[in-house]
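What follows is a single structure, written as structure tokens, with notes after it.
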């Protein structure tokens with residue numbers, strides 16, 4: 001099973017593609033982030049760039065699933081609206097390529113990765129590094145979050 005995990009954001013979209021076989025991680029195929037600039041581009045241009053880049057990742061790695069964090073916000077409504085727009089273009093990319101999407105809350109991801117829904121960012125990043133046998137913690141945080149949601153999906157939907 002191949003999963004594209006995405007941590008959506010308007011300025012930075014973190015992502016990672018993980019492949020498993022017989023319920024075990026076989027390979028981390030790629031991880032990185034898509035960065036857009038509000039100084040150089042309008043919001044519609046940034047959304048188009050995210051859509052195009054996600055379609056490129058899908059085309060190159062052919063994931064069977066996309067996993068994404070559910071939208072969560074506590075105070076900043078305008079930030080949540082931007083993330084909602086980004087989620088929309090990412091969901092459209094998945095739909096256009098026939099890829100099913102699984103969504104997880106931040107607590108579900110933390111629970112799957114560390115065993116605790118209360119894990120802090122540093123604990124999550126270190127567990128991602130260890131579980132995926134990476135030489136260092138992926139930077140920026142959004143990249144580690146994209147890998148975490150992909151790994152969460154692999155834990156939740158175990159292959160027979």
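The values are calculated or read from the model by the stated rules, or taken from the named source; none is laboratory data. Here the structure is a predicted model, which means the values were calculated and not measured. With ideal geometry, Cβ positions are generated from the backbone for all residues, glycine too; neighbour counts draw on all protein chains shown.
Candidates 77, 149: the one that is touching a residue at least 40 places away in the same chain (Cβ under 8 Å) and either surrounded by 12 or more Cβ atoms within 10 Å (Cβ to Cβ) or farther than 18 Å from residue 29 by Cβ (or both) is 149. From the list 99, 58, 50, 90, the lone residue that is over 28 Å from residue 24 (Cβ atoms), touching a residue at least 40 places away in the same chain (Cβ under 8 Å) and surrounded by 16 or more Cβ atoms within 10 Å (Cβ to Cβ) is 50. Residue 58: assigned to a helix (DSSP H, G or I), touching a helix residue (DSSP H, G or I) at 6+ places or on another chain (Cβ under 9 Å) and closer than 19 Å to residue 151 by Cα, yes or no? Considered against the rule, which asks whether it is assigned to a helix (DSSP H, G or I), touching a helix residue (DSSP H, G or I) at 6+ places or on another chain (Cβ under 9 Å) and closer than 19 Å to residue 151 by Cα, residue 58 comes out as yes.
So for region 33-40 (the condition being surrounded by 17 or more Cβ atoms within 10 Å (Cβ to Cβ), touching a helix residue (DSSP H, G or I) at 6+ places or on another chain (Cβ under 7 Å) and assigned to a strand (DSSP E or B)), does at least one residue qualify? Yes, the conditions are met somewhere in region 33-40. If you go through region 62-80 and pick out every residue that is at pLDDT 95 or above and either under 14 Å from the mean Cα position of the chain (by Cα) or more than 18 Å from residue 14 (Cα to Cα) (or both), you end up with 6.
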